[in-house]
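Beneath this line is the structure, given in structure tokens, with notes to follow.
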Amino acid sequence: MAAHAESFQIRTRGKGTLEITDEVAAIVKRSGITTGIVTVFVRHTSASLVIMENADPSARRDLEAFFDHLVPEDTPYFVHIYEGPDDMPSHIRMTLTRTSEVIPVMDRAMTLGTWQGIFLFEHRRDPHTRQIVVSVTGD
């Protein structure tokens, strides 16, 4: 069994989703692994990863609006607001999603569905630089 790991950074524009599928696919290809799995991990507590439709951007806008409604900012009973009113909501949104995704690899490529993409889901209002770690294991 072989293993390959790389990381990359992505700069966000603030709250929203950014597709990282191409970056991850390139790492999978460079790994030389034909069959196995790729694990994608975001090293932050106020951003997450989602596999989401990548054909129609309105699906992601709806997801973002849903999370704004589900976990609103300026909630009066939040105590953890050290970095502002979006601090605790960003942590809750992260826990409701995921910090990692695992995708099967076949023929040196991820086996995502036709309309699936991997997205960094930034939960903070301000731009941030996020670090993504990608680990590919297999044969």
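Before moving on, here are some points about what is shown:
- Taking the listed residues F78, F67, the one that is aromatic (F, W, Y) and within 18 Å of the chain's Cα centre (by Cα) is F67, with no other qualifying.
- The condition (being of a type in the set (K, R) and in a helix (DSSP H, G or I)) is satisfied by just one residue among R93, R130: R93.
- Given (1) part of a strand (DSSP E or B); (2) over 21 Å from F8 (Cα atoms), number of the condition E83 does not satisfy: (1)
- Of all residues making up the stretch 29-62, the number that are in a loop (DSSP other than H, G, I, E, B), surrounded by fewer than 17 Cβ atoms within 10 Å (Cβ to Cβ), touching a strand residue (DSSP E or B) at 6+ places or on another chain (Cβ under 8 Å) and not charged (D, E, K, R): 3
- Single residue of the stretch 1-28 satisfying the filter (aliphatic (A, V, I, L, M) and in a strand (DSSP E or B)) that is farthest from M110 (Cα to Cα): I10
- Those residues of the stretch 1-28 which are charged (D, E, K, R), closer than 21 Å to G113 by Cβ and exposed (fewer than 14 other Cβ atoms within 10 Å of the Cβ), in sequence order: D22
Readers should treat all values here as calculations from the given coordinates under stated rules, not as data from a laboratory. Please read these numbers as outputs of a predicted model, since none were measured by experiment. Note that we place each Cβ from the backbone using ideal geometry, even for glycine, and neighbour counts take in every protein chain shown.
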